[in-house]
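Visitor: Before we start, here is the structure in question, set down as structure tokens.
The values are calculated or read from the model by the stated rules, or taken from the named source; none is laboratory data. If you're wondering where the values come from, they're calculated on a predicted model, not measured in any experiment. Here the Cβ is made from the backbone with ideal geometry for all residues, glycine too, and neighbour counts use every protein chain on show. Side chains included, ligands, DNA and RNA excluded: accessible areas come from the protein's heavy atoms. Shrake-Rupley method; radii C 1.70, N 1.55, O 1.52, S 1.80 Å.
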Protein chains: 4
Amino acid sequence: MRHSPLRIGVIGYGYWGPNLVRNFHARLDAEVAAVADVDEQKLAQVHLHYPSIQCVSDAISILHDPRIDAVAIATPPSTHFALARKALEIGKHVLVEKPMAMTSIEAQALIGLARARKRILMVGHTFIYTSSVQKIRSLIENGELGDLYYIDSVRFNLGLLQGDASVLWDLAPHDLSIFLYLVDERPTAVQAFGQVHIGAEKKEIATVTIRYESGFHAHIHVSWISPVKIRLTLIGGSRKMIVYDDVEPTEKVRIYDKGVSLKESGESVTAFNPIYRAGDVLIPALDRREALEREISHFLNCIQMGVTPLSDGESGLAVIRILEAAEMSMAQNGAFVPLSR
Amino acid sequence: MRHSPLRIGVIGYGYWGPNLVRNFHARLDAEVAAVADVDEQKLAQVHLHYPSIQCVSDAISILHDPRIDAVAIATPPSTHFALARKALEIGKHVLVEKPMAMTSIEAQALIGLARARKRILMVGHTFIYTSSVQKIRSLIENGELGDLYYIDSVRFNLGLLQGDASVLWDLAPHDLSIFLYLVDERPTAVQAFGQVHIGAEKKEIATVTIRYESGFHAHIHVSWISPVKIRLTLIGGSRKMIVYDDVEPTEKVRIYDKGVSLKESGESVTAFNPIYRAGDVLIPALDRREALEREISHFLNCIQMGVTPLSDGESGLAVIRILEAAEMSMAQNGAFVPLSR
Amino acid sequence: MRHSPLRIGVIGYGYWGPNLVRNFHARLDAEVAAVADVDEQKLAQVHLHYPSIQCVSDAISILHDPRIDAVAIATPPSTHFALARKALEIGKHVLVEKPMAMTSIEAQALIGLARARKRILMVGHTFIYTSSVQKIRSLIENGELGDLYYIDSVRFNLGLLQGDASVLWDLAPHDLSIFLYLVDERPTAVQAFGQVHIGAEKKEIATVTIRYESGFHAHIHVSWISPVKIRLTLIGGSRKMIVYDDVEPTEKVRIYDKGVSLKESGESVTAFNPIYRAGDVLIPALDRREALEREISHFLNCIQMGVTPLSDGESGLAVIRILEAAEMSMAQNGAFVPLSR
Amino acid sequence: MRHSPLRIGVIGYGYWGPNLVRNFHARLDAEVAAVADVDEQKLAQVHLHYPSIQCVSDAISILHDPRIDAVAIATPPSTHFALARKALEIGKHVLVEKPMAMTSIEAQALIGLARARKRILMVGHTFIYTSSVQKIRSLIENGELGDLYYIDSVRFNLGLLQGDASVLWDLAPHDLSIFLYLVDERPTAVQAFGQVHIGAEKKEIATVTIRYESGFHAHIHVSWISPVKIRLTLIGGSRKMIVYDDVEPTEKVRIYDKGVSLKESGESVTAFNPIYRAGDVLIPALDRREALEREISHFLNCIQMGVTPLSDGESGLAVIRILEAAEMSMAQNGAFVPLSR
């Protein structure tokens, strides 16, 4: 069965909106019906590049437009909840940028609403749709890494300082969504530390340590005030290890066939005999498909087929729960904060 | 005045001992009189390469040798205190590898003893004698970086797993000694997290966050089970930032003339106006002198001149105090532990 | 005086054409009036993205359109001459992609025509409009490098194999146009070597050595069948040296303050006393403006002001003369071929 | 059968001699009996580090020492021939550094002499004993690369300028010995270009192009006046390609499973259908054995077993023949010079 094109409304045409419009516009199974932004100049740009798209200055006219099937929300985080709630209430499918809301209570409300209205609610965790993360997920699933030991992420940058969010809420969702996608086990507790240097309030550097019952653990280190851009994730397993360096132009994933294990012996458990394996390094070929293109294709497909997206409301909620626990830990001088279920 | 060569006894000829012997041996103002090791094969190697050096199987005969002026102790950490104490009691100058002892009480005892006997007590914090760290120190002193914001160190490796020490006590002393050398302010509290994956007891991954009263903070991330070797330190200041990558063969220090600052204005303090500076990167030429050569030259010079070494007992004690606090934090589920003065 | 927008016709919408259209379209002092391509699908793309632009299937209707002031020609090389000639004859200003023609006689004809008709003839040597090459040119002009010794370029790639041109005519024009822009002295002779491996006729690897009277020399090494992409140019001078690595995402230009010189002495000329200077490396900040944007701005400005472009017909001719001499050298078993004046 | 240790005399204790002495000294099947050098200070160093080794100021006393089985010659190139000839005449086995002589006639004389006296004559082409080159050789032998297309080497450095040799004779022998070891086909002609910039006579930059009958070709580019150290060799085959970067600390060999081939079709031969394969990159684990240790082990083994070394006199001669042809080409303005058989 051939579906007629889904009609999309895009709300917000700032940093990310143009990418959404470009990708929806390029598809045969979708059509960008309207774009909303409060800034007249942004709308002029839309008009220049896509004269066929209707431009409106208020989101509400998109939400109430009966010809529109789904909306993509790329406005500032503090507006995500209200817009997504209204859209779901009216019966639109929703793709909302991360973080999906500012509190887990709001996130839960959106999930309930989507379920009640039988609408797709998807969160824009774009990184899990990259060829790199897709490849890593398949390597883990195939048992290439053996038992997982840890995942460790460093995401440093310069120049994304924002007035209305801390580095934790801005950068850490990328890593958290990757962790949640790659690791089947659910985390149990979070500890975090953050620091303000330049601005008055919002933390520019933060570290988050996440515990899991099995002993697996995760660590995130984010900064807005680093002179160098670093996007490095290490994933250690009992058989192999992966280095995922997103700054590399082409060789983003490296699989190291070397590691450490303890010699299995029938002897004393106190005997300490680590075995180091030195092996080859493999850099797999990755397809160059744009992650957002894959994400949007998935969103449209989920609507058409009525299936749950990889980055559904639950995954968005899981990210927010960890962020909330991390905030609480910072407020409690770095104590470990258990994660609610 | 020309000094007659100082006579040195080296205790321990395992991983580090041969470097000590080679460097002392190469000097005109020192002479390696004897080497002690419990392993006959190690002594055979000494004999092969340096037939003139006396080989003994017990440290005690070196400590009691009246012809010997100073000893260098490169034995396992658990033996450092007893050997250094004995050496100082007998009146030898002492160069002891890090960590100088297993507790701060022991470290204090050694400091007191050295003071009482008027002997040089120096800790082998080799990294502070590298051209890289010397260069960074001088850049900080000259105000090139402006106000210091943070120092952040990642030290990952594969294959140094040890049966008798955690990664914290093995790797973090390098970073701590660097921090203490570079930053004049003293830290006030420590928070740490560690994890065991492969062995039964000793942590293979650890993170340490160190607070300072001014808001400056430091972070260490050490691992023994990383597929890639990383030795990266970022130092952020209000004017410039430094990336010190010790894995780079020649371009170890990079000075970034870019950063973020807030616009100074007479207006509202709530106005948030970050200014991003994009500037040149400078990679200073560094001399290629071996750090241990510089360290040993400094040790001999301190003995000859009666001056206090850069890496004296106090700096060794400061490192141990942080390690102890980090251990305590780990035991208290990651709580911040104030540093005793 | 404010100029009314220049009306541009773009001929050819294959690999490069869309970049031209995008850049002309984004300017206030130009307007893309029409695009010509023989491929209906390409025109459909133009229509989709720029509904206001007229789409035509034959270049001739653009050339004869009296409303059009200037044309940009981005068709296959073999058609450049005929299209550019016709355009100049009709009185259009011309921006033609490299190589501007297939022979130096054709190139000279275009130059004569442009002069006779008083029209701007510019060749699309985009690399000389990069921030990197602009920076290097200014460093050379300011005497930072001292006397120039050599320039050495390696341009390797995989996957640009073309049925109708050799690697020499496809890749070497980039390096030649850079050399001609950076070095004021004119070359005197050319030697070249090429090799066919995969296809039947067209060379996939070539080296070109270019001599200058002063002893300065240049070397180019191009390949279409390299597994790695390399775009590396070394420029050696008596005071400093430059490494220009265009594959680097941000740190493209490095200035090495180290080199070799002979000690000036009044003594014997046979004395050989090289002095090695080890110095800092400086990576200058470069603006991120797109080279093609700078090129197009320059083209429009030259039309408006009636000035000669940096990459005028003469520079296009100089590139072709070297290519012709290189072809001749290959045919003569690698002999040096003098360059006609 | 257990061999008694071979007694070795080392002639020349300048840059390379100490490495030879250290490696021979460390073996159980060899013993360094004596070292000769004209410089008293060098001999003092030998005495300091190896008191058991006899130190002499003239090579002749080593050559005439009846207790010595083999000599290693590490003196300036111009003395290689005379010393090696004398040693072979007296009946010593000879390991001589590259180039083995200054002319092919001399090299042939040494080969004849070694054959007549039934002595091992080996040339110190150390690079072919590296783990990297050994690995590449085995990949080629196993057909991993398919048909070989080309080999391309860049060897740039700063600071090896020598008064008595050109960059061609100093650096190119490394690449030539690697080419000759990796490629079974023999070259047929050589073309070369060199340039003097700083000194009065000796060329500091040179390129050499080497032809083979099959169409395979090799290219060398050497420089003494480059700001960066480059040691890069590309090897292209019909199935895979190798990048051998000797400057990389650990990942020296990379195997690219991507390339270009023409579609096999029964259709028109004029059809040009290149197929690009994008594939994984494999970085094989290499053992860290020192190349010179492997070379010396091979030398001793060849003496003990009476077998011909990998880097025998013939391979040394082949290198010199190419160097001579390259010199001749330079003198003939870059003409191709056929290689004598």
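Visitor: Quick check: pseudo-label points 7 Å beyond the Cα along Cα→Cβ at residue C:29 and residue D:138, how many nm apart are they?
Guide: For residue C:29 paired with residue D:138, the spin-label model returns 6.4 nm.
Visitor: Under 5 Å between amide hydrogens, which residues at least 5 positions from residue C:237 or on another chain qualify, with H placed 1.01 Å from N in the peptide plane?
Guide: Those qualifying (amide H under 5 Å, at least 5 residues apart or on another chain) are C:149, C:242.
Visitor: List the distances, in nm to one decimal, from the label point of residue B:338 to the label points of the same position in every other copy, shortest first, placing each label point 7 Å from Cα along the Cα-to-Cβ direction.
Guide: Label-point distances to the other copies, shortest first: 3.0, 9.0, 9.2 nm.
Visitor: Divide by every residue of the protein assembly as shown the summed helix terms, -39500 (n - 2.57) for each DSSP H run of at least 4, and state the resulting mean residue ellipticity at 222 nm, rounded to the nearest 500 deg cm²/dmol.
Guide: So the calculated ellipticity at 222 nm is -10000 deg cm²/dmol.
Visitor: Next up: Hey, any idea what the orientation-averaged projected area of the convex hull of the range D:81-141's Cα atoms comes to, in nm²?
Guide: Its Cα hull, projected and averaged over all orientations, spans 4.9 nm².
Visitor: Continuing with the same structure: Which residue, A:224, A:335, A:140, has the largest displacement toward the positive end of the dipole of chain A when charges sit on each Cβ (Lys, Arg +1; Asp, Glu -1)?
Guide: Going by the charge dipole, the pick is A:140.
Visitor: Apply the Karplus curve 6.51 cos²θ - 1.76 cosθ + 1.60, θ = phi - 60°, to the phi angles in the range A:233-243 and return the couplings in whole Hz, x for Gly and Pro.
Guide: Coupling constants for the range A:233-243: 10, 10, 10, x, x, 6, 9, 9, 9, 10, 10 Hz.
Visitor: Considering amide H positions built from the backbone, and no H for Pro or chain starts, which residues 5 or more places from residue A:230, or on another chain, come under 5 Å of its amide H?
Guide: So residue A:230 has HN proximity to A:156, A:157.
Visitor: If r is the Cβ-Cβ distance from residue B:79 to residue B:196 and R0 is 25 Å, what FRET efficiency results, to the nearest 0.05?
Guide: Step by step, r from the Cβ atoms, then E = 0.50.
Visitor: At a 1.4 Å probe radius, carbon and sulfur cover how many percent of the accessible area of the range C:59-164?
Guide: After summing per-atom areas, the C and S share lands at 52 percent.
Visitor: Could you give the Stokes-Einstein D for chain B in µm² per second, using the C-alpha Kirkwood radius, 10 °C, 1.306 mPa s?
Guide: It comes out at roughly 74 µm²/s.
Visitor: While we're here: Could you report the buried accessible area between D and A, both sides summed, computed with a 1.4 Å probe and given in Å² to the nearest 100?
Guide: 800 Å²
Visitor: For chain A, build the charge dipole from Cβ charges (+1 Lys, Arg; -1 Asp, Glu) around the Cα centre, then report which of A:41, A:23, A:192 sits farthest towards its positive end.
Guide: Of the options given, the answer is A:23.
Visitor: Take the Cα atoms of the protein assembly as shown, find their three principal axes, and give me the spread along each one in whole Å, biggest first.
Guide: 96, 80, 63
Visitor: Here's something else I'd like to know. Residue farthest toward the positive end of the dipole of the range C:291-341, with Cβ of Lys/Arg at +1 and Asp/Glu at -1: which of C:322, C:291, C:304?
Guide: C:322
Visitor: Put simply, what bits of the range B:278-300 lose 20 Å² or more of accessible area when the other protein chains are there, versus the chain on its own (1.4 Å probe)?
Guide: Output list: B:280, B:281, B:282, B:283, B:285.
Visitor: Report, in whole Å, the centroid distance computed from the Cα atoms of the range B:169-187 and the range D:31-66.
Guide: Rounded to whole Å, the Cα centres lie 47 Å apart.
Visitor: I would also like to ask the following. Between copies, how far does the label point of residue A:279 sit from its twins, in nm, shortest first, when each point is 7 Å from Cα along Cα→Cβ?
Guide: 2.0, 4.7, 4.9
Visitor: Let me ask something additional. Report, in order of residue number, the helices in chain B meeting two criteria: a C-alpha extent of 18 Å or more along the helix axis, and a mean Kyte-Doolittle hydropathy of at least 0.0; treat each whole DSSP H run as one helix.
Guide: Counting only whole DSSP H runs, the qualifying helices are B:104-117, B:167-182, B:291-305, B:313-331.
Visitor: Once each part is reduced to its C-alpha centroid, what is the distance from the range B:97-135 to the range C:80-138 in angstrom?
Guide: Comparing the Cα centres of the range B:97-135 and the range C:80-138, I get a distance of 71 Å.
Visitor: A follow-up question, please. If packing is taken as the average number of other Cβ atoms within 10 Å across a peptide's residues, how do A:227-239, A:46-58 rank, most packed first?
Guide: Output ranking for A:227-239, A:46-58: A:227-239, A:46-58.
Visitor: Let me ask something else about it. Starting from the 7 Å offset along Cα-to-Cβ, what nm value, one decimal, do you get for the label separation of residue C:340 and residue C:44?
Guide: Once both label points are built, they end up 4.7 nm from each other.
Visitor: I've got another one for you. For residue A:250, which inter-copy label distances result when the label point lies 7 Å beyond Cα on the Cα-to-Cβ vector, reported in nm to one decimal and in ascending order?
Guide: 2.2, 2.4, 2.6
Visitor: If amide hydrogens are placed 1.01 Å from N in the peptide plane, which non-local residues have theirs closer than 5 Å to the one on residue B:6?
Guide: B:30, B:31
Visitor: State, as an integer percentage, the relative contact order of chain B based on alpha-carbon contacts under 8 Å between residues 6 or more apart.
Guide: 18 percent
Visitor: While we're looking at this one, here's another question. How much accessible surface area, in Å² rounded to 10, belongs to the heavy atoms of residue B:25 with a 1.4 Å probe?
Guide: Only protein atoms counted, so the area is about 30 Å².
Visitor: Right, another one. Does any residue of the range A:130-154 lose at least 50 Å² of accessible area with all protein chains in place compared with its chain alone, and if so which ones (probe 1.4 Å)?
Guide: Relative to the lone chain, where solvent access is computed with a 1.4 Å probe, the range A:130-154 loses at least 50 Å² at A:149, A:150.
Visitor: Return the residues of the range B:42-78 for which accessible area with all protein chains present is lower than in the chain on its own by 20 Å² or more; set the probe to 1.4 Å and exclude ligands, DNA and RNA.
Guide: Those are B:48, B:49, B:51, which lose 20 Å² or more relative to the chain on its own.
Visitor: Can you flag which of C:42/C:135; B:135/D:42; B:42/B:118; C:202/C:229; A:229/C:98; B:252/C:252 are past 29 Å Cα-Cα?
Guide: Pairs exceeding 29 Å: C:42/C:135; B:135/D:42; B:42/B:118; A:229/C:98.
Visitor: Given the rotation relating D and B, tell me which residue in D puts its Cβ closest to the axis and the distance in Å.
Guide: Minimum Cβ distance to the axis, with residue: D:51, 3.
Visitor: Related question: Over the protein assembly as shown, give the accessible area per residue in Å² for a 1.4 Å probe, as an integer.
Guide: For the protein assembly as shown, the solvent-accessible area averages 40 Å² per residue.
Visitor: Got a number for carbon plus sulfur as a percent of the range B:281-340's accessible area, 1.4 Å probe?
Guide: 53 percent
Visitor: If you average 1/r over all unlike Cα pairs in the range D:279-341 and invert the result, what Kirkwood radius do you get in angstrom?
Guide: 15.3 Å
Visitor: Kirkwood hydrodynamic radius (Cα pairs, Å) of the range A:97-195?
Guide: 15.9 Å
Visitor: On to the next question. Need one word for the range D:1-159: rounded, prolate or oblate. Basis is the Cα gyration tensor (sqrt eigenvalues a ≥ b ≥ c); a/c below 1.5 gives rounded, then a/b vs b/c decides.
Guide: prolate
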